[in-house]
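As C-alpha cells, the structure follows; a few thoughts come after it.
The values are calculated or read from the model by the stated rules, or taken from the named source; none is laboratory data. Being a predicted model, the structure only gives us computed values, none of them experimental. No Cβ is skipped: glycine too gets one built from the backbone with ideal geometry, and neighbour counts run over all protein chains shown. These area figures cover heavy atoms from the full protein model, side chains too; ligands, DNA and RNA do not enter into them. Shrake-Rupley method; radii C 1.70, N 1.55, O 1.52, S 1.80 Å.
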Amino acid sequence: MQNNPQQTARVGLFFLLGVALIWVAFETLSDGKVFKDKGYTIIAGFDNVRELKLGDEVRMAGVKVGSVEETRLTGRRAEAVLRIAPGVIIPNDANATILSAGLLGTNYIGVDLGTPGAPPLLAGAEIKTKITADINTIMAQLGDLGTKLDNALGSIGDAMKGKDGKPGLFQRLDTLLADNGGNITETMKNLKEVSGKLNSGEGTLGKLINDPKLHDELLAAVTDIKSAANNAKGFMTDAQAIVDQVKSGQGTLGTLIYNDEAGQNIKVVTKNLRDISDKLAKGEGTLGKLINDDVLYRDAQGTLKKVDRMVEGLADQGPISAVGVVANSLF
Amino acid sequence: MKQLTNICAGIGSAVLLLGKSIGHAPTLLRQWPRFIEQCYLIGYTTLPIVAILSFFIGSVLALQAGYSMQSFGAKEFIGSLVGLSMARELGPVMVAILVAGRVGSAITAELASMKVYQEIDALETMNIPPSRILVLPRLAAVLVMMPVLTIIGDLVGWLGGAIVSKYTPFIALEPEKYFETLRRFMKFKDVLNGLEKAEVFGFFVVLVCCSIGLETRGGPREIGASVTRAVVVSLILILVLDYFVTKILI
C-alpha cells in the first residue's frame, strides 16, 4: 500500500502544528521552568504557610521576581522554597510576608526592598520573615470584639436597670428626688425669688440689668478704655518706628549706637577728655595751674582788686570826660 | 441478564482485541502507510469541526461567565474560567465526542461492512489478523492525533473567549487582561491533564468502535445498528471515563 505524498505531508504538518502549539502553551503557562531552573532559590520559614501553593508569585515591591517552588515541613515550622529570577538582588535584611492578592484566597509572598547597600542574599540562604494576620485571625478578633461589646452593653444595661437586688441608676435618681423633694422645692422657690428681684431691678445686679443709665455709663467707660487703648496703640506704633529708625542707624541715637565710626570718634573724644582731666589733675598746662596753683589765684585776686580801684577812679572822672568828648565833637 | 451478558461479552471482546493489537505493535513500522492514512482521517479531516466547535464553546463560556460575573465584579476572572474549563474539561471531552461521532462511526461502519461481507473472514483465512492491519494503525493514529486536536481545540476556545470578552458591550474585557488572568491561574499541568484525558478517551473510543464493528453479525441492517451502538457506547464511555480519569489526575 502506498500513500498519497500530499496526504503524508498534511499529516506531518498537522502533527508538527500540534507539537508547536503544545510547546507554545507550555512556554506561556510554565515560563519554561520545567527543563531548566533559572535563577536561584532562597528559603522562607513561617509558622504557617496558609494557602501558599506551588507556583504562587514572589513579588518585590509589587513586581513579580519569582515563584514558590516548594512548600515543606521542617521540624516544627513550614518552609517555602522561593525561586528568584536571575539578576534580582534581594538584600539580606529584606522581610518576606505571606499576603493575600484578593478575597478569593490567592496568596503571594511579598518581599520588601530592605535597606540600600545591604549585602545580597545568596542562593540557598534564608530570608527574614514577618507574620501578618490572616483573614481568619481578623475574623476571630472581630468575634472577640463583638463579645466584649456585648458585655460592655450588658454592664451599662445592668447599671441602668439594677442587678442582684441593687437599685439601678434610674431607681437611685428616683429615690434622690423623693428624699430631697422639700429641699429642691425650697431651692426652686429661692431661685424664683432671686430672678423676680433681678427682673424688677432690685439690687446691684438687677440695676445693672434693668437701669439704662448704668448701661450708658458702662458703655462710656468702655469707649474711654477703647480710645485709651487706641492712643496706647499709636504711642506704641511711634515707639516702634523710633526703635526701627534707631535700629536702621538713622538719627543721632541710631548713629551713636549702630555707626562704628561714631563709636570710634566717641572713644577718641573720651580718651582726649581723660588726658585733659589727668593733666588738669596734675596741674599741667594753663588751666591745670589755674585750678591747682593758688599763687595764680592770689595774683588774680590782686589784679582784680587793682582793676576795681581803677574803675572807681574812672567813675569819678566820668562826667568830665563826657563833657570833653561832647565838646570835641562840637568844635 | 442477557443485557448484562452482552455488556460483559462486549468488554471481553474489546480487551481481547486490545491484547491482540498490542501483541502486533512491533509490526507498526511496516504498516507506516496505513498509520499515516488513519492519522489523516482521524486528525486532519476532523480539524475544521473541532476548531468551529471549540471556538463557539469558548465564546459561550465567556459570554455566560461574563453575564453571571458582572453582577459581583469578577469579570477579569473570565480568562481563567474559560482557560481552565477548556483545558481541563471541555476541550478533551468535546474533541472525544467529535471523534466518536465522526471517526468512531466511520470505523465501525467500515469494519462492520467488512465483517458482514466476509472480508474479515477472508483476511483471517490468509492468516492476516484484522487486529494487526485494521485495529493497530487506528489505535496508534488516535494516540498521536488526539493531543494535537485537543491543543488546537483549547487554543481556539481561548481565542473565542477572548474575542467575545472584548466585543461584548457588558463584558468589554481587554485581551491583555483576559490572557493575564488566564496565565495567572493556569499551569501547564492543567493543559497536560486535558491532553492525557483526551488520549484516554480517544484510545477507548477507537477500541470500542473497532470491537463493535468486528463483532457485527448478520446483514446490512446490523451495520447500522452496530454504528449506532458504537457511538452510544462511546459517548457513555467518554463521560464515565471522564469522571474516573479526572479523579485520578486531580
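When the stretch A:120-179 is filtered for residues that are under 30 Å from A:THR97 (Cα atoms) and either touching a helix residue (DSSP H, G or I) at 6+ places or on another chain (Cβ under 8 Å) or of a type in the set (Gly, Ala, Ser) (or both), the ones remaining, listed by number, are A:ALA123, A:GLY124, A:ALA125, A:ALA133, A:ALA140, A:GLY143, A:GLY146.
Of all residues in the stretch A:1-19, those satisfying the criterion of being at the interface with chain B (Cβ under 8 Å from one of its Cβ atoms) and not β-branched (Val, Ile, Thr) are A:MET1, A:GLN2, A:ASN3, A:GLN7, A:ARG10, A:PHE14, A:PHE15, A:LEU17, A:GLY18.
Residues in the stretch B:176-217 that are within 21 Å of B:LEU139 (Cβ to Cβ) and within 14 Å of another protein chain (Cβ to nearest Cβ) were compared, and the one that is surrounded by the fewest Cβ atoms within 10 Å (Cβ to Cβ) is B:GLU196.
Screening the stretch A:77-109 for residues that are in a loop (DSSP other than H, G, I, E, B) and more than 19 Å from A:ALA125 (Cα to Cα) and picking the one that is most open to solvent (accessible area, probe 1.4 Å) gives A:LEU103.
Assess whether B:LEU173 counts as being open to solvent by less than 20 Å² (accessible area, probe 1.4 Å) and modelled with pLDDT under 95. Considered against the rule, which asks whether it is open to solvent by less than 20 Å² (accessible area, probe 1.4 Å) and modelled with pLDDT under 95, B:LEU173 comes out as yes. Scanning the stretch B:17-48 for residues that are away from every other protein chain (no Cβ under 14 Å) and within 23 Å of B:ALA96 (Cα to Cα) yields a count of 5. Listed by first and then second residue, the pairs with beta-carbon distance under 9 Å, at least 6 apart or on different chains, first residue in the stretch B:129-156 and surrounded by fewer than 23 Cβ atoms within 10 Å (Cβ to Cβ), second not in a helix (DSSP H, G or I), are B:PRO129/B:HIS24; B:SER131/B:HIS24; B:ARG132/B:HIS24; B:ILE133/B:HIS24; B:VAL144/B:GLY43. Inclusion of A:ILE22 among residues that are farther than 27 Å from B:GLY153 by Cα and either facing chain B (nearest Cβ under 10 Å) or modelled with pLDDT of 85 or more (or both) is not warranted. Listed by position, the helices (runs of 4 or more DSSP H) contained in the stretch B:1-112 that have at least 1 residues being charged (D, E, K, R) are B:2-23, B:32-42. Of note, B:ASP154 satisfies the criterion of being closer than 24 Å to A:GLY12 by Cβ, among the charged types (D, E, K, R) and either away from every other protein chain (no Cβ under 11 Å) or part of a helix (DSSP H, G or I) (or both).
The set of residues in the stretch A:270-314 that are closer than 30 Å to A:LEU256 by Cα, out of contact with any helix residue (DSSP H, G or I) (no Cβ under 7 Å at 6 or more places or on another chain) and either of a type in the set (Val, Ile, Thr) or at pLDDT below 85 (or both) comprises A:THR270, A:ILE276, A:SER277, A:ALA281.
The sole residue among A:ASP158, A:ASP134, A:ASP174, A:ASP144 that is surrounded by fewer than 11 Cβ atoms within 10 Å (Cβ to Cβ) and of a type outside the set (Gly, Ala, Ser) is A:ASP144. All told, A:LEU54 falls short of being of a type in the set (A, V, I, L, M, F, W, C) and either surrounded by 18 or more Cβ atoms within 10 Å (Cβ to Cβ) or assigned to a helix (DSSP H, G or I) (or both).
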